[in-house]
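Each remark here refers to the structure printed beneath this line.
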Amino acid sequence: MMNFKDFNISDSVLKAIGDMGFEKPTPIQKMAIPIALKSMDITAQAQTGSGKTLAFAVPILENIFIPDKSPQAIVLCPTRELCIQVAYEITKIGKYIKKLKILAVYGGQPIGKQTRVLKKGVHIIVGTPGRVIDHLERGNLGLAGVERVVLDEADEMLDMGFREDIEFILTNTTFKRQTLLFSATIPSDIKKIAKNYQNNPKFIKVKNKTGNIPKITQYSFKTHPKHKFDDLCKLIEAYDIKSALIFCNTKKGVDFVYKNLKKNGYSSEALHGDMTQKTRDKVMNKFRNGNVSYLIATDVASRGLDISNLNFIVNYDVPLNSDDYVHRIGRTARAGKSGFAFTLVTPQDENSFANIKGKNKTGIIQKNVPSEDEIDAIKTRKILNEVKKSLKEDDLEKYVKIIKKSSSKNLSSEEIAAGLLKMLREK
């Protein structure tokens, strides 16, 4: 079985990868790293969550010349959230490379702050195409020394109208540069960019998650618009969902679910496009840090965000298409972990959901929303299982003596246990 030591990479990068808890490379890393280390161009078809950031970060870091403080590599991303995430990941992988400088540049942050850092010298730029061009036009950034360009989530950048910006940046870097293109899909526009701006690229394809989501348990639940919110709460209670990313199709839907969860005592926050970037960043940090349990979002949050240890995704609204479904549920089961994806389906959603199911070959299991009685039984069973575990693992002699001492002809041990269970269930 291949591991990272089998690649021809430096001890400093190997150590950082080990610190991150990675032992064996993912399929995209196995295929891309050896090719990229030879400075060859790559067109890679890989979904979000496949480990592609490390796949392009390692070759970039292995070729950085620290004494040269001008940009040597540029990673282009569709959103500021992905820029921040990718810059953070590259920083972790390069943490043992002394004096390495990485900067994320994106809109929504004062350009003056980015300008000051650029003028001090930066080795790697991670940016949205628009903000990179902004710095180029202001004379803050030069491309003469750029030897590597990465297009991350290239299809998403094209969908967002960044084609001209991407081509401008590629045209103004040296022809001898290495170009690494990563995309979930390879439509004709991506093929044109590969043909026009890459030099004999090697094509890599990692099996599409649309037909291969082995570590995500997917359930659908039939509901009715009138009962939809109540059913969401039942699922949270029945499956003991301590934290979840909940998707709605509209801003109005996000606000409705957020306000009602809050009203019912659930720690929640909303995230959608009407918010300022500063507010969105604040909300995301609260969710990532565990200071809020439920994040209700539109699809603005479904791409480019890597939230570690997120076990549950809930589609409060059925996604508009299969690709959106895959991108949403791909927020869980990151880095080889497992996760759950729940979808609430009303009668009006049945046709669109049938299309999604048809394209998702792993199968989505249909289940019933638990009744109040079933939820009550689940909660009781959970407490009793914890009690059984404690009986096996803990020293309970002290408590046994207390129960024996408290019992009498009028009050049995079973009645004391029942009273304690009632207190635990109703607190």
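Figures for the structure shown
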| read-out | value |
| --- | --- |
| For Pro78: the one exception among (1) buried (at least 19 other Cβ atoms within 10 Å of the Cβ); (2) not in a loop (DSSP other than H, G, I, E, B) | (2) |
| Qualifying residue in segment 124-134 (condition: at positive phi and either surrounded by 22 or more Cβ atoms within 10 Å (Cβ to Cβ) or of a type outside the set (D, E, K, R) (or both)) | no |
| Only listed residue being at pLDDT 95 or above, more than 25 Å from Gly21 (Cβ to Cβ) and surrounded by fewer than 16 Cβ atoms within 10 Å (Cβ to Cβ), chosen from Lys282, Lys259, Lys278 | Lys259 |
| Criterion (within 25 Å of Ile93 (Cα to Cα) and either hydroxyl-bearing (Ser, Thr, Tyr) or assigned by TED's automatic domain parsing to the domain that holds Ala354 (or both)) met by exactly one of Thr223, Thr217, Thr128 | Thr128 |
| In segment 347-373, residue modelled with the lowest pLDDT [restricted to those that are β-branched (Val, Ile, Thr) and in contact with a strand residue (DSSP E or B) (Cβ under 8 Å, 6 or more places away or on another chain)] | Thr362 |
| Single match in Thr179, Thr174, Thr185, Thr115 (criterion: among the polar types (S, T, N, Q), in the same structural domain as Val58 (by TED's automatic domain parsing) and assigned to a strand (DSSP E or B)) | Thr179 |
| Counted residues, segment 6-48 - those being outside any helix (DSSP H, G or I), within 20 Å of the chain's Cα centre (by Cα) and surrounded by 19 or more Cβ atoms within 10 Å (Cβ to Cβ) | 7 |
| Thr380 vs. criteria among the β-branched types (Val, Ile, Thr), modelled with pLDDT under 75 and assigned to a helix (DSSP H, G or I) | yes |
| Only listed residue being within 25 Å of the chain's Cα centre (by Cα), closer than 30 Å to Pro71 by Cα and either exposed (fewer than 13 other Cβ atoms within 10 Å of the Cβ) or of a type in the set (A, V, I, L, M, F, W, C) (or both), chosen from Ile204, Ile193, Ile246 | Ile204 |
| Of all residues making up segment 29-49, the number that are of a type in the set (A, V, I, L, M) and more than 17 Å from Ala194 (Cβ to Cβ) | 2 |
| Search result, residues across segment 41-83 that are of a type in the set (Val, Ile, Thr) and either touching a residue at least 60 places away in the same chain (Cβ under 8 Å) or under 27 Å from Asn200 (Cα atoms) (or both) | Ile42, Thr43, Thr48, Thr53, Val58, Ile60, Ile64, Ile74, Val75, Thr79 |
| Failed criterion for Val122 (all others in (1) within 28 Å of the chain's Cα centre (by Cα); (2) part of a loop (DSSP other than H, G, I, E, B); (3) in contact (Cβ under 8 Å) with a residue 60 or more places away in the chain hold) | (3) |
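Table: residues versus (1) under 30 Å from Ile365 (Cα atoms); (2) assigned to a helix (DSSP H, G or I); (3) in contact with a His (Cβ under 7 Å, 6 or more places away or on another chain).
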| position | (1), (2), (3) |
| --- | --- |
| Val150 | no, no, no |
| Ile169 | no, yes, no |
| Ala194 | no, yes, no |
| Asn199 | no, no, no |
| Lys234 | yes, yes, no |
| Lys242 | yes, no, no |
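Residue-wise test of (1) surrounded by 10 or more Cβ atoms within 10 Å (Cβ to Cβ); (2) outside any loop (DSSP other than H, G, I, E, B); (3) touching an Asp or Glu at 6+ places or on another chain (Cβ under 6 Å); (4) not assigned by TED's automatic domain parsing to the domain that holds His327.
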site: Phe342; (1), (2), (3), (4): yes, yes, no, no
site: Gln348; (1), (2), (3), (4): yes, yes, no, no
site: Phe353; (1), (2), (3), (4): yes, yes, no, no
site: Lys357; (1), (2), (3), (4): yes, yes, no, no
site: Lys389; (1), (2), (3), (4): yes, yes, no, yes
site: Lys392; (1), (2), (3), (4): no, yes, no, yes
site: Asp395; (1), (2), (3), (4): no, no, no, yes
site: Val400; (1), (2), (3), (4): yes, yes, no, yes
site: Lys404; (1), (2), (3), (4): yes, yes, no, yes
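The values are calculated or read from the model by the stated rules, or taken from the named source; none is laboratory data. From a predicted model like this one, the values you see are computed outputs, not experimental measurements. Counting neighbours? That spans all protein chains shown, and the Cβs are built from the backbone with ideal geometry, glycine included.
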